[in-house]
Amino acid sequence: EVLRFNSSDDFTTGLLFDVTDNVRSFLCYTLEDEARTVKKWGETRIPSGKYKLTLRNEGGFSTRYKAKFGDWHQGMIYVNEVPNFEYILWHIGNDDDDTAGCLLVGKTSQDNFIGNSTAAYKEIYPPIRDAILSGEEVTVSYIDYDGTILSNKSTDSVVNISQVSKNQEDIMDILSTEIKH
């Protein structure tokens with residue numbers, strides 16, 4: 001589950017959870033491109049929704065990661081059948097310049113930066129890879145918990161600050177529960 005909780009004009013930050021048997025476990029932080037009502041290539045996050053994950057062995061990322069990680073790496077985590085998007089992967093990176101709609105993973109997060117991305121990738125990749133290779137159907141839900149995205153260029157748009165604050169409080173409750181576990 002990708003819980004998107006912070007959006008800006010250039011990026012979206014979130015949290016990645018493993019949800020197994022109705023138990024949510026925090027895995028890492030995420031970074032994506034910003035939300036847009038009209039898609040702009042390389043500058044738009046994918047729509048919220050539930051998607052199947054598979055491994056993709058074609059393309060430059062797969063070739064580079066196979067060279068970097070060896071046989072441990074069996075293909076890129078690939079988000080399937082995203083409307084109006086192609087080749088959406090989960091990979092290593094630090095800021096929105098490192099993604100073109102893909103999901104970046106990291107161990108730390110602040111504004112438009114996630115750190116220790118390789119370490120996070122090495123932790124989340126094996127169980128996802130193994131589940132996919134075992135024939136299990138693996139899915140991910142992208143959930144927009146960052147409120148309605150409104151243009152800052154229109155004087156007609158009003159942001160509901162109380163809802164944004166409530167969303168942030170709910171996220172902090174989730175995180176504090178995960179930290180206790």
*So which residues in segment 39-68 are among the hydrophobic types (A, V, I, L, M, F, W, C) and part of a helix (DSSP H, G or I), if there are any at all?*
PHE61, ALA67
*Looking only at segment 98-110, and only at residues there that are more than 12 Å from THR44 (Cα to Cα) and outside any strand (DSSP E or B), the one that is least open to solvent (accessible area, probe 1.4 Å)*: ASP98
*Can you tell me which residue among ILE143, ILE77, ILE114, ILE124 is touching a helix residue (DSSP H, G or I) at 6+ places or on another chain (Cβ under 9 Å), open to solvent by less than 80 Å² (accessible area, probe 1.4 Å), over 15 Å from THR54 (Cβ atoms) and modelled with pLDDT of 95 or more?*
ILE114
*Return yes or no: is ILE77 among the aliphatic types (A, V, I, L, M), touching a residue at least 24 places away in the same chain (Cβ under 8 Å), in a strand (DSSP E or B) and farther than 16 Å from TYR142 by Cα?*
no
*Specify which of the listed residues (ARG24, ARG4, ARG36) is in a strand (DSSP E or B), open to solvent by 20 Å² or more (accessible area, probe 1.4 Å) and not aliphatic (A, V, I, L, M).*
ARG24
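May I ask you to verify whether VAL19 is within 23 Å of GLU81 (Cα to Cα), in a loop (DSSP other than H, G, I, E, B) and not aromatic (Phe, Trp, Tyr)?
On the way: within 23 Å of GLU81 (Cα to Cα): yes; in a loop (DSSP other than H, G, I, E, B): no; not aromatic (Phe, Trp, Tyr): yes.
Against the criterion (within 23 Å of GLU81 (Cα to Cα), in a loop (DSSP other than H, G, I, E, B) and not aromatic (Phe, Trp, Tyr)), VAL19 does not qualify.
Residue by residue through segment 127-140, note down the ones that are part of a loop (DSSP other than H, G, I, E, B) and either surrounded by 14 or more Cβ atoms within 10 Å (Cβ to Cβ) or out of contact with any Asp or Glu (no Cβ under 9 Å at 6 or more places or on another chain) (or both).
Step one: filter segment 127-140 for residues part of a loop (DSSP other than H, G, I, E, B), giving 134-137.
Hits for segment 127-140 are SER134, GLY135, GLU137.
Only one of ASP71, ASP9 is assigned to a helix (DSSP H, G or I) and either in contact (Cβ under 8 Å) with a residue 24 or more places away in the chain or open to solvent by 70 Å² or more (accessible area, probe 1.4 Å) (or both). Can you tell me which?
Values: ASP9 fails: assigned to a helix (DSSP H, G or I).
The conditions single out ASP71.
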_Can you report the number of residues in segment 1-17 which are touching a helix residue (DSSP H, G or I) at 6+ places or on another chain (Cβ under 8 Å) and more than 19 Å from PRO127 (Cβ to Cβ)?_
3
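The values are calculated or read from the model by the stated rules, or taken from the named source; none is laboratory data. The structure displayed is predicted, hence computed values, not measured ones. A quick note on method: Cβ atoms are made from the backbone with ideal geometry, for glycine too, and the neighbour counts reach across all protein chains shown. To get the accessible areas, we keep the full protein, side chains included, count just its heavy atoms, and leave off ligands, DNA and RNA. Shrake-Rupley method; radii C 1.70, N 1.55, O 1.52, S 1.80 Å.
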